[in-house]
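Okay, structure first, notes after.
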Amino acid sequence: MRLAGNIFVVGIMNKRQLLIQRNNVRQLIRMSNRKANVLAWGAGETDAHIQMKLEICKWLKRMGKEFYTEAIFNNGQRADIVNADDGVIYEVLESEELESIAKKRKTYPLEIITVDANQAFNEKLIL
């Protein structure tokens, strides 16, 4: 079990626990930005960045996970992908500085997993 903010992430959850987990994560995201299981991207993102986000989202969808893209948290931070079921954020990196990632690790409300946009997708990248 891992604690991320006030959210406990457990290995195996029953349906009720899963709904509670999803709701807890959803509460971290601005209400106007809660569009579950939809791929969104910004105008400045490269094709490689968008493609990696798509591959991650496709895998999450196949696994039956609830996710949010371009999620804006209540503290104003924006994440590439939030996996609500597991309480993790996937940040797709292409040219981001290490200092920026370090800052995100301190200010984001959930654990961050970084994924290089310039590699072929493999589920091991996000597990």
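Nothing in this text is a laboratory measurement; each read-out follows from the coordinates by a stated rule. Please read these numbers as outputs of a predicted model, since none were measured by experiment. As a convention, Cβ positions derive from the backbone with ideal geometry for all residues, glycine included, and neighbour counts pool all protein chains shown.
Within the shell defined by Cβ-Cβ distances under 12 Å, the residues around Asn23 carry a net charge of +2, with Lys and Arg each +1 and Asp and Glu each -1.
Approximating the spin labels as points 7 Å out from Cα along Cα→Cβ, the Lys65-to-Ser100 distance works out to 2.2 nm.
The residues neighbouring Leu125, those whose beta-carbon lies less than 11 Å from its own, together hold a net charge of -2 under the Lys/Arg +1, Asp/Glu -1 convention. Where the alpha-carbon atoms of the chain are placed on the principal axes, they occupy 38, 30, 28 Å, in descending order. Listed by chain and number, the lysines placed with their C-alpha closer than 22 angstrom to that of Lys53 are Lys35, Lys61, Lys65, Lys103, Lys104, Lys124; residues fewer than eight positions away on the same chain are left out.
For the chain, the longest principal axis of the alpha carbon atoms and the long axis of helix 15-26 meet at an angle near 50°. Residue exposure proxy: Arg26, Arg16, Arg34, ordered by other Cβ atoms within 10 angstrom of their Cβ from fewest to most, comes out as Arg16, Arg34, Arg26. Here the residues Lys106, Lys53, Lys58, ranked from fewest to most Cβ neighbours within 10 Å of their Cβ, fall in the order Lys106, Lys58, Lys53.
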